[in-house]
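Notes for the one structure printed next.
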Amino acid sequence: MEEQDYIELNTLLAKLRVFCFKEIGNPDTITSEREKNYRLVRNIDYIRKQMPLKVGEGTISIIK
C-alpha cells in the first residue's frame, strides 16, 4: 500500500465515523439504525487499532 493510499483510507474512515456519529446524534434516527452506526464506529476503531503497519521507503505494508 502506498502512503497516499493509506492516507486516503484513513480519511475515508474518519469521514464515515463522523457521519455515523451525526446519525447517532440525530433525534429522528430509529434505534436499529443508531445501533448499526454504533457497530460501524466500533469496527472502524478496531481496524485502526489492530492493523499493525510497517512504514518504509514511501510505502506502508501490513505486518503479518
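The values are calculated or read from the model by the stated rules, or taken from the named source; none is laboratory data. Predicted model, so just to flag it, every value in this text is computed and none were measured. Virtual Cβ from ideal backbone geometry, glycine too; neighbours counted across all protein chains shown. Calculation scope for accessible area: heavy atoms of the full protein, side chains included, ligands and nucleic acids excluded. Shrake-Rupley method; radii C 1.70, N 1.55, O 1.52, S 1.80 Å.
Spin-label pair residue 32-residue 11: with each label point 7 Å from Cα along the Cα-Cβ axis, the two points sit 3.5 nm from one another. Cross-link reach is defined here as a Cα-Cα straight distance under 13 Å, omitting same-chain residues fewer than 8 places apart; for residue 36 the aspartates and glutamates meeting it are 23.
Within the accessible surface of segment 1-57, defined with a 1.4 Å probe on protein heavy atoms only, the carbon and sulfur portion equals 55 percent.
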